[in-house]
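This report refers to the structure that appears directly beneath it.
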Amino acid sequence: MLLPLRPGELQRLIPAVATGTQFRASLGNPRKILQRLLISGIGGVITLLISQSLSFNRWGSVWLIAGVVLLLYILWGPIVEAGRRNAQLRRYPAAALFEGEVAEAFTQERVENQREQADANGRLELVENRRTWMVIDLADEDGYLGRISFPMTKAHGSIRPGMVVRCIVLSDRKDFSSLGALTDAWLPEARLWVGDYPFLLRPAFEDLCRLRLRGNTRDR
C-alpha cells in the first residue's frame, strides 16, 4: 500500500540539516574517524603554522581561517556528509508512505575492509574484516517492492517474515512505476527501526503513520 505524501511532508520527515543521530551515523567506523582526525589535526596544524609565518602578509588571515576550518573538520565533515545524503532523497519529486510486510529475512557476510599484514614467516597475507548484515525483502498485495540491508545486532534476531513494515518510498515518477530509493524502515510489531542510515525523523514518521494509516482505514 502506497499513500502519496502531501506537499511539505517529505521535508519534515527528512531534514536538510543533519540531526544528532545522522551525525553519529556519518562519523563512520573507527578507521574513518581516525582518518578524519588525521586530516583535521595534521592539516590544521600545518595551515596554522603557515598562517603564523605570514602573519604580516595579507594572506595570513586567509591561512588562519583555513587552519581553523581544517581543525574543525572532525565536526563539520560528518554534518556535510549527512546533509548530502539527506539531499539525495529530498530531491525526489514523488514520495509515498509504504505499509507492507517482510517477505523474506536473511543474513549475509560482508567484507567491511581489507588490509595486508605480515604473517609469522614474514609473508604478506590479506586480512579481511567481515560483518554480518541482515537483508529484508519488502512486499505488499501488489508484490515485491524492494530490499533494505543493515548491520545485524542481537535485537534484529526477532525479525520474521510476515511482520508489518513501514517506510518512505521515493521515485522520479508520480505513478511510482519505478523505484528510486527506500528510507530506513519501522517494524511496529517488533518496535524496531532498521536501515544502514537514519534518514527519517522517527517520532515524526511514527506520528504520520498513526494519522495517515488510521485515516486510510476509516476511508475504506
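Values computed for the structure shown
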quantity	calculated
Viscosity 1.002 mPa s, temperature 20 °C, Stokes-Einstein D of the chain from Kirkwood C-alpha radius, µm²/s	105 µm²/s
Rounded FRET efficiency, nearest 0.05, which uses the C-beta distance separating E104 from R58 and R0 of 45 Å	0.10
K32, K154, K174, reordered so the largest accessible area comes first (probe 1.4 Å)	K154, K174, K32
Largest-first principal axis extents, alpha carbons of the stretch 1-111, Å	66, 39, 19
Sites L3 and T153 - FRET efficiency at Förster radius 30 Å, r taken between beta-carbons, to 0.05	0.50
Nearest-ten-degree value, helix 202-219 long axis tilted from longest Cα axis of the chain	20 degrees
Helical mean residue ellipticity (222 nm; -39500 (n - 2.57) per DSSP H run of 4+; nearest 500) of the chain	-11000 deg cm²/dmol
Backbone N within the stretch 136-164 under 19 Å of label point (7 Å from R191 Cα along the Cβ vector)	153-160, 163-164
Length released on extending from I46 to R130, taking residue separation times 0.36 nm less the Cα-Cα span	26.6 nm
Accessible surface of the stretch 70-141 [probe 1.4 Å, protein heavy atoms]: carbon and sulfur percent	48 percent
Contact order normalised by residue count of the chain, Cα under 8 Å, 6+ apart, percent	21 percent
Alpha-carbon centroids, the stretch 179-214 and the stretch 1-32: separation in whole Å	11 Å
Pairwise label distance in nanometres, L34 with L75, each label 7 Å out on the Cα-Cβ vector	2.5 nm
Once the Cα gyration tensor of the stretch 135-220 is diagonalised, semi-axes √(5λ) in Å	21, 17, 14
Space enclosed by the convex hull of the alpha-carbon atoms of the stretch 91-193, per residue, Å³	130 Å³
Charge-dipole axis of the chain as Lys and Arg at +1 and Asp and Glu at -1 on Cβ define it, positive-most pick from I33, V111, L192	I33
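The values are calculated or read from the model by the stated rules, or taken from the named source; none is laboratory data. Since we're looking at a predicted model, the values are computed, not measured. Quick reminder, even Gly has a Cβ in these numbers, built from the backbone with ideal geometry, and neighbours come from all protein chains shown. The protein model used for the area step is the full one, side chains on, heavy atoms only, and it has no ligands, DNA or RNA in it. Shrake-Rupley method; radii C 1.70, N 1.55, O 1.52, S 1.80 Å.
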